[in-house]
Amino acid sequence: MTDPVQLAVDAALAAGRIQSDRADNISRIDYKGDIDPVTEVDLLCEKEIISRIRTAFPDHEILAEESGQSNERHAWRWVIDPLDGTVNYAHGYPCYCVSIALEHDGQVEVGVIYNPNLDELFVAQRGKGATLNGKPIRVSSEKNLKRSLLVTGFAYNVGETENNNLDHFANFAKECQAVRRPGSAAMDLCYVACGRFEGFWELNLHAWDYAAGWLLVTEAGGKVTRFDGAPFSMGDREILATNNLVDQSMIDVLSR
């Protein structure tokens, strides 16, 4: 039986190579909405990942950003974002990655995220910790929100809804050391897991945005909940990920 962790790693690295090879040669960009792009590289990466999964686990379910939910019904499901940070990629801004997770009955068991720009490979397996390029990682030990570096993002419909995160962004900007907005939720979660950020929050995400990063954070000693501190589950649209030390402070700000 193929090792699902190794399969996810190999698939992520292969997709990352496609991203690197095509970064300066994007021939086609389409739009799923007015400002929501998809490039042929998104599709090529997704095809590569799914092909590898289908060869090893033909009966597993697959949920991928571009092709959606497969028709299989199985306890095991792969959750894939072939290119998280497509807007960045399309503009040549080097902040994007591949995200692959494997869940069993709604619980993520394997999470792999690869950033080809920095050649950083994040891997987590339930109960076995999280690593960056093979070395164990842990969340930050900072307890004070005022000294914390936070990160967030905005959905494509930010200009169309009042629930757009701009209020939370303004509130946190006054309560922490600084707030960043790189443009890749998967990378944001990786950076919480390895201690570069103390906390991350965002609205209107999809399972492929956070599945792998969710496991990375928890396996690195962090905490993932909803905005009010309630338990987080697959399919939730709002997420709060912290080093498990500034979580209550962040919940207090989010409750305003």
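What do you get for the angle between helix 40-56 and the principal long axis of the chain? Use alpha-carbon atoms, 0 to 90 degrees, nearest ten.
The answer is roughly 70 degrees.
Using θ = phi - 60° and the Karplus curve 6.51 cos²θ - 1.76 cosθ + 1.60, what whole-Hz ³J(HN,Hα) does each residue of the range 71-87 get, with Gly and Pro shown as x?
For the range 71-87, the Karplus-derived couplings read 7, 5, 10, 8, 5, 9, 9, 8, 10, 10, 10, x, 8, 8, x, 4, 4 Hz, x marking Gly and Pro.
Tell me, what is a quarter of the convex hull surface for the C-alpha atoms of the range 105-173, in nm² with one decimal? Display every interim value, and only then the final one.
Values: hull surface 31.4 nm².
Over all viewing directions, the range 105-173 projects a mean Cα-hull area of 7.9 nm².
Efficiency by 1/(1 + (r/R0)^6): what FRET value for Asp252 and Leu166, r their Cβ-Cβ distance, R0 = 22 Å, to the nearest 0.05? Walk me through the intermediate numbers first.
Numbers: r = 19 Å, r/R0 = 0.85.
Once the sixth-power term is evaluated, E becomes 0.75.
With the other protein chains left in place, how much accessible area per residue, in square angstrom, belongs to the chain at a 1.4 angstrom probe?
45
Measure off, as a whole percent, the carbon and sulfur share of the 1.4 Å-probe accessible area of the chain, all protein chains present.
Roughly 46 percent of what the probe reaches on the chain is carbon or sulfur.
What distance in nm separates the simple spin-label points at Ser233 and Asp21, each placed 7 Å from Cα in the Cβ direction?
The answer from the label model is 4.2 nm.
From the phi of every residue in the range 120-137, what ³J(HN,Hα) in whole Hz does the Karplus formula 6.51 cos²θ - 1.76 cosθ + 1.60 yield, where θ is phi - 60° and glycine or proline is x?
10, 10, 9, 9, 9, 9, 3, x, 10, x, 10, 9, 10, 6, x, 9, x, 10
Any idea what angle helix 207-219 forms with the longest principal axis of the chain, computed on alpha-carbon atoms, 0 to 90 degrees, nearest 10?
In the chain, helix 207-219 runs at an angle near 70 degrees to the longest axis.
Multiplying the sequence separation of Lys128 and His206 by 0.36 nm and subtracting their Cα-Cα distance, what value in nm do you get?
Details: separation 78, 0.36 × 78 = 28.08 nm, distance 2.54 nm.
Between Lys128 and His206, full extension yields 25.5 nm more.
Please turn the phi angles of the range 227-236 into ³J(HN,Hα) values with the Karplus equation 6.51 cos²θ - 1.76 cosθ + 1.60 (θ = phi - 60°), one per residue in order, whole Hz, x for glycine and proline.
4, 8, x, 5, x, 8, 9, 4, x, 4
Near Lys135, which aspartates and glutamates are there with a Cα under 18 Å away, not counting those fewer than 8 places off in the same chain?
Asp10, Asp119, Glu120, Glu219
Which value, in Å² rounded to 10, gives the accessible area of Ser51 with a 1.4 Å probe and all protein chains present?
70
Net charge near Ser233, counting Lys/Arg +1 and Asp/Glu -1 over other residues with Cβ under 13 Å of its Cβ? Provide the component values of the computation, followed by the final result.
Values: positive: Arg226, Arg237; negative: Glu103, Asp105, Asp236, Glu238.
That sum, taken over residues with Cβ under 13 Å, equals -2.
Consider a paramagnetic label point 7 Å from the Cα of Gln107 along Cα→Cβ; state which residues of the range 122-153 have an amide N under 18 Å from it.
In the range 122-153, the label zone of Gln107 (backbone N under 18 Å from the point 7 Å along Cα→Cβ) covers 124-130.
What is the gain in length, in nm to one decimal, between Glu40 and Val87 on full extension, counting 0.36 nm per residue of separation less the C-alpha to C-alpha distance? The partial results should precede the final answer.
Details: separation 47, 0.36 × 47 = 16.92 nm, distance 1.29 nm.
Difference between extended and current length: 15.6 nm.
The values are calculated or read from the model by the stated rules, or taken from the named source; none is laboratory data. In this text the structure is predicted, and so the values were computed from the model without any measurement. Cβ atoms come from the backbone with ideal geometry, glycine included; neighbour counts cover every protein chain shown. Protein only, heavy atoms only, side chains kept; ligands, DNA and RNA dropped before computing areas. Shrake-Rupley method; radii C 1.70, N 1.55, O 1.52, S 1.80 Å.
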